[in-house]
Amino acid sequence: MVSKDRVSMRHKVKSDRYFLCKLDKGEFIGASTIPTVAQAFQCFTLCCRLTKMYMPIFLVRLDERTGKVFILAGEEHEISIDQDGEWRYET
């Protein structure tokens, strides 16, 4: 956790894929990738479909290495969503 006296003023820097908070010494905290609009929409749609079938959703995670959204639902359902919103079952 960063103390408040270290952060004079947080500057929010946005790019296409990153949201960063800049400290006064030039360091970045909270650097994480964010899903694309297509991924977010498809993730919401798939989660609604899964819960409509009374399937529990255990995990929704953005894989920072590949940029894909990963959904783990039910006993054995693993779904990945590409950056363009295309989804498929993982085996």
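The values are calculated or read from the model by the stated rules, or taken from the named source; none is laboratory data. This is a predicted model, so every value here is computed, not measured. In this analysis, Cβ positions are derived from the backbone assuming ideal geometry, glycine residues included, and neighbour counts consider all displayed protein chains.
Given the structure, is Glu90 surrounded by 11 or more Cβ atoms within 10 Å (Cβ to Cβ) and modelled with pLDDT of 95 or more? Here the answer is no, as Glu90 does not meet what is asked.
Determine whether Gly85 is part of a loop (DSSP other than H, G, I, E, B), surrounded by 11 or more Cβ atoms within 10 Å (Cβ to Cβ) and over 12 Å from the mean Cα position of the chain (by Cα). Criteria met by Gly85.
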